[in-house]
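The values are calculated or read from the model by the stated rules, or taken from the named source; none is laboratory data. Treat the numbers as computed from the prediction; the structure is a model and nothing was measured. Cβ placement follows ideal geometry from the backbone for every residue including glycine, while neighbour counts extend to all protein chains displayed.
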């Protein structure tokens, strides 16, 4: 009964609307050079046509989904659980707060669910990250700024949308915050991201070209070995680019470019170091270095 009354109301609205349009068209055509016997025909047929077009327009408007409905319908096309590395919280339940780190290097292999719920495998080199707190007050990673190998460009990744995470060596990451905090520092050297490995190996002698063409042998105390990484086929190569350290007569650390170094010797000053990259990059990390 209710549906019949509603349909009856729509029909009456159509009739009244058509009648109103006929009257308006009849008087409106009085200003046009139209014969009197044709004015009524134009008014009747024109009014009915406009009323039908109006009814069709109202029907199509009602058939449209409400604002945001279609977006919500496809928002969760996959049942991927979010918040695995952010304390179970995700989306608007995370609140940005101060903290995080800049100028780091952390290479990760992740499964990532983007804003469209498309899941892809990514290899990313994280250079900085921000943090947020959960409703329970836990501080968790928030936004990761990283170079994405898939896109060959720098991208931002929400930590709450990371669904799988491993290190470059294949080890599963269970504590993303701890992994990011323990990552080594990085700097830009000759336009490339360069990783700093902290060293505590005592002194060493180097034959170094401070000014061309002469070389001079000096004793240094290395504090960082700086290297760059590059993917070559299935391999990930490391290239030593400079040593950061102190000389006996300087109070500020200096950078010693590998390209200007002709030789190196162990702390005894007698035993040559034949493979300097392996000697420095494979040296045990200092306690408390976080790397």
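One table, with the values for the structure above:
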| item | result |
| --- | --- |
| Test for residue 244: is it crowded, with 16+ Cβ neighbours inside 10 Å and at pLDDT below 95 | no |
| Matching residues in the stretch 91-123 - criterion: being assigned to a loop (DSSP other than H, G, I, E, B) and in contact (Cβ under 8 Å) with a residue 60 or more places away in the chain | 94, 103, 105 |
| Tally, over the stretch 190-208, of residues that are outside any strand (DSSP E or B) and surrounded by 20 or more Cβ atoms within 10 Å (Cβ to Cβ) | 1 |
| Set 119, 134, 127, 95: member being outside the structural domain of residue 225 (by TED's automatic domain parsing) and at pLDDT below 95 | 119 |
| Qualifying residue in the stretch 124-134 (condition: in contact (Cβ under 8 Å) with a residue 60 or more places away in the chain, in contact with a strand residue (DSSP E or B) (Cβ under 8 Å, 6 or more places away or on another chain) and surrounded by 13 or more Cβ atoms within 10 Å (Cβ to Cβ)) | yes |
| Those residues of the stretch 151-189 which are touching a helix residue (DSSP H, G or I) at 6+ places or on another chain (Cβ under 8 Å) and crowded, with 17+ Cβ neighbours inside 10 Å, in sequence order | 159, 160, 162, 165, 173, 176 |
